[in-house]
Amino acid sequence: MSSSSGKQGSKNASKGSSGGSSSGGGSVPAMPGSGATSSLMGSLNKKKKPFLGMPAPLGYVPGLGRGATGFTTRSDIGPARDANDPVDDRHAPPGKRTVGDQMKKNQDDDDEDLNDTNYDEFNGYAGSLFSSGPYEKDDEEADAIYAALDKRMDERRKERRELREKEEIEKYRMERPKIQQQFSDLKRKLSEVSEEEWLSIPEVGDARNKRQRNPRYEKLTPVPDSFFAKHLQTGENHTTVDPLQGQFGSLNAPFPGGLNTPYPGGMTPGLMTPGTGDLDMRKIGQARNTLMDMRLSQVSDSVSGQTVVDPKGYLTDLNSMIPTHGGDISDIKKARLLLKSVRETNPHHPPAWIASARLEEVTGKLQVARNLIMKGTEMCPKSEDVWLEAARLQPGDTAKAVVAQAVRHLPQSVRIYIRAAELETDVRAKKRVLRKALENVSKSVRLWKAAVELEEPEDARIMLSRAVECCPTSVELWLALARLETYENARRVLNKARENIPTDRHIWITAAKLEEANGNTQMVEKIIDRAITSLRANGVEINREQWIQDSEECDKAGSVATCQAVIRAVIGIGIEEEDCKHTWMEDAESCVSHGALECARAIYAHALQVFPSKKSVWLRAAYFEKNHGTRESLEALLQRAVAHCPKAEVLWLMGAKSKWLAEDVPAARSILALAFQANPNSEEIWLAAVKLESENNEYERARRLLAKARSSAPTARVFMKSVKLEWVLGNIMAAQELCTEALKHYEDFPKLWMMRGQIEEQSGPMDKAREAYNQGLKKCPHSIPLWLLLSRLEEKAGQLTRARAILEKSRLKNPQNPDLWLESVRLEYRAGLKNIASTLMAKALQECPNSGILWAEAVFLEARPQRKTKSVDALKKCEHDPHVLLAVAKLFWSERKITKSREWFLRTVKIEPDLGDAWALFYKFELQHGTEEQQAEVRKRCENAEPRHGELWCAESKHILNWQKKIGEILAQVATKIKNTF
């Protein structure tokens, strides 16, 4: 700093001397007062200190004498040096010629720590004493040898050292265990804590005091008018001031809100009678009513001119005064400011005016919104949207005036004319507006449609004839005109429409429907074929899906011939030959789901023409007719089916059953006779003929048929039906003889052994029945019903231990069988051993975890509080099992949740309509909680489903006393035997 100041002084001195020489030169003219200036400079030179031009002495620090601390800047020590910069010494040895080398050397010197505290008697210093010396090749070899020796010595003692270290660590852990290990036994005991015990653990107490824990919130109570009146009369003065009064205005303070202020408060003119201190309560009531009237009139001034809020119910409906906008006030202000900026920047931008008006409308400032939008119409007179928004915001007649003004500016705007017609309440006025609009915009289809809708049929026909001249490409107008014309005129109209619009399919379909409606069904097929050809010629792609949708619409409209013609024309377009059958079946099912039955019938008819020998197609068509058609259509279809597929037994049987259900037994016999000719040794047809005769009490004919069947087609089922016929007729001896004969031929058919055992059981002695079951199990060890019958026989005889042993043996021979496990559980439960039953159920669910019948039983083995939890587990394992769904329905039934129970019953019978137990329980439920219509509906659905399975159902339906009963009778019988014990 001293040197720089000295240099600056010398510079100034030189500048002064040069200035003096220049002034004293002759080249520059002398200025007035130059003598005074030179004398002043001379006096300055005399006062100049002698050391200012000299360099600072060695070790001099500026300001040190007055106590200032010296500091060093980059200008004092020079610029920063890079590591690669050369040092100042030109003759430096190698390795020290750059700044980086010298810094590294200094760092290495600092790293060496030769202090005595760093010395070890065996290892020496922690650092190397000779690290600064040169590291040569023999040093490297020596280090490698020493390293190899250290490694070898370390390997020799490694196992012993690790073992010793492990023992030391274990000993240390035993003496000083971790906190985690100290509480490990308590942690293990946490697994035994139940959920109730865990929830009963008290919460950590609140350490705050009572005032902090239970703060008392400040209560604000409105002051009644009587308080003010009393204190005004008494003239009471207050000696203390409430801080809230001081903040918001005291009672006597001249601040806004006080009673003595000219601000809105108690002393405003009218509330205090002049010259007195009394508060006039009547005036307050009048003022309050006036304010209420103003608010009501403001709210009633709505867009449509009608009152939004009922004035009488205003006080009770406080929600009417809540603002409808959800934004913050600051956001509304920002939006208003932004929209104002947009309007000022671009005043001819219509969306800015519309958005501004809607913002004000939302915030409740309707008049401001109207003013804004009217100004927008002035700035944007050619904007259709602005005029429409103005008409929407204005009430009643004002809106009409706005629309009239809009029409003058935009005489071609369809939307403005439509809005003008909507504003009119009289039909004549609407017609007048629309006709005026059509004079200006005659090409608008929308205006023509709106005008035609207001006219009578005759006037509408005249208008439509003019409309199609003005808008010849509108399909809707042509079709509307065709509907109003007579048959001949409609044909002419549709022909003209086809000439003007050759690419639209709806005109052709309408023409076909017209011909069908007038009885010309032979023309329908030609029109549809011509339509396909014409549309293809005009470059229109035939979209199969669209045409099928049109045919469904024709079906719903009652045009059956048109619908079938469209299906026949387009059903094969765009489908590969190998995919035809699959695609057509899907199309038929889709039509059925949409309710278009004639379309589905047409698809089946076309498919049967293409695939006349396909049994599956005939079956689908037959089931369709059975479900959605009449008996005559089904029989006609089946006659054609058996002609094309005479070997299809199921078709013959469906035909015979249809005749039998119609009580036409001779026709059913004739059909079965023809079936015999086509299938001479068919077991199904033989048994169907036997069933027909036995159901009609022709037992001798049934016997003869069975005898012929046993001679020509001696199958196990034929023998079984023969035994059953004799059994149900009471001929026990004949049944036993037939059964013995049958077992000689078919000893591995378990149903014969079952029947033999049941016949013996019915006749009396248990030993013969037991022997029959045992013989049957030797021949058929995997027949589950045989095991169950033998077990129940022993249980019935009182041999519980033997029954239990039989079931255990059966489970060994038939592992993972849920029926056997279920019977074992029920055996213990019936014996009163509920604990053993629960244990067996647990084992059963382990062996058969996905068995719905076991889960359903497990639900009701639980106590009532646990049943719902068990049902949830059952649904997780077997979500779509009918037995589980039925158990849930029963559970809701037991809890008297009628609606939910009905839903689960419906779900069960929908998933498995063949489960008779579900139908019986559902019917029982409706008998108790449903109406007669619901009971009849369940019974009808059960008869259509024809269930054959179910434990309770089979026990009744296969009983020999019920062999001739219909499904409805069996349903009622099973329902009566069900007890609400769940």
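Which order do the peptides 344-352, 170-178, 854-862 take when ranked by the mean count of other beta-carbon atoms within 10 Å per residue, highest first?
Values: 344-352: 14.6, 170-178: 9.4, 854-862: 21.7.
In decreasing order of mean packing, 344-352, 170-178, 854-862 become 854-862, 344-352, 170-178.
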>> Given the whole protein assembly as supplied and a 1.4 Å probe, what does the accessible area of HIS582 come to in Å², nearest 10?
In response: 120
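Give the calculated FRET efficiency between ARG392 and GLU456 to the nearest 0.05, with a Förster radius of 25 Å applied to their Cβ-Cβ distance.
Numbers: r = 31 Å, r/R0 = 1.25.
Step by step, r from the Cβ atoms, then E = 0.20.
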> Sorted by accessible area with a 1.4 angstrom probe, largest first, how do ARG152, ARG830 fall?
Replying inline: ARG152, ARG830
> Can you give the FRET efficiency for GLU541 and LYS877, using 1/(1 + (r/R0)^6), R0 = 51 Å, r = Cβ-Cβ distance, to the nearest 0.05?
Replying inline: 0.45
>> Just to be sure I understand the model, the point goes 7 Å from the Cα along the line to the Cβ. What's the resulting ASP139 to GLN677 distance in nm?
In response: 12.1
>> Residues of segment 778-797 with backbone nitrogen within less than 15 Å of a virtual label 7 Å along the Cα-to-Cβ line of LYS813, please, listed as ranges.
In response: 778-792
> Which residues in segment 170-190 place their backbone N less than 14 Å from a point set 7 Å from the Cα of ILE201 along the Cα-to-Cβ direction?
Replying inline: 186-190
> So if we plug the beta-carbon distance of LEU337 and ASN518 into 1/(1 + (r/R0)^6) with R0 = 45 Å, what FRET efficiency do we get, rounded to 0.05?
Replying inline: 0.05
>> Beyond a 30 Å Cα-Cα separation, which of these cross-linked pairs lie in this structure: LYS809/LYS834; LYS809/LYS965; LYS778/LYS870?
In response: LYS809/LYS965; LYS778/LYS870
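Leaving ligands, DNA and RNA out of it, rank TYR623, TYR146 by accessible area with a 1.4 Å probe, largest first. The partial results should precede the final answer.
Working: TYR623 100, TYR146 145 Å².
Descending accessible area places them as TYR146, TYR623.
What is the packing order of peptides 628-635, 890-897, 357-364, taking the mean over residues of other C-beta atoms within 10 Å and listing the highest first? Before the final figure, lay out the partial values.
Working: 628-635: 14.9, 890-897: 17.1, 357-364: 19.4.
The most tightly packed comes first, giving 357-364, 890-897, 628-635.
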> Among the lysines, which have Cα under 19 Å from the Cα of LYS158 when same-chain residues fewer than 8 positions away are ignored?
Replying inline: LYS166
> In what sequence, highest mean first, do 384-390, 645-651 appear when ranked by Cβ atoms within 10 angstrom?
Replying inline: 384-390, 645-651
> If the cut-off is a Cα-Cα distance under 16 Å, which lysines reach LYS614, setting aside same-chain residues fewer than 8 apart in sequence?
Replying inline: LYS581, LYS647
>> Need one number: nm distance between label points at LYS966 and HIS349, each 7 Å from Cα along Cα→Cβ, rounded to one decimal.
In response: 8.0
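Among rounded, prolate and oblate, which fits segment 832-905 when a ≥ b ≥ c are the square roots of the eigenvalues of its C-alpha gyration tensor, a/c under 1.5 means rounded, and a/b larger than b/c means prolate? Don't skip to the end; give the middle numbers.
Numbers: a/c = 2.54, a/b = 1.43, b/c = 1.77.
It is oblate, given that a/c is not under 1.5 and a/b is not larger than b/c.
The values are calculated or read from the model by the stated rules, or taken from the named source; none is laboratory data. On a predicted model such as this, the values are computed, not experimentally measured, just so you know. We place every Cβ from the backbone using ideal geometry, glycine too, and count neighbours over all the protein chains shown. Just the protein is used for accessible areas: all its heavy atoms, side chains included, with ligands, DNA and RNA removed. Shrake-Rupley method; radii C 1.70, N 1.55, O 1.52, S 1.80 Å.
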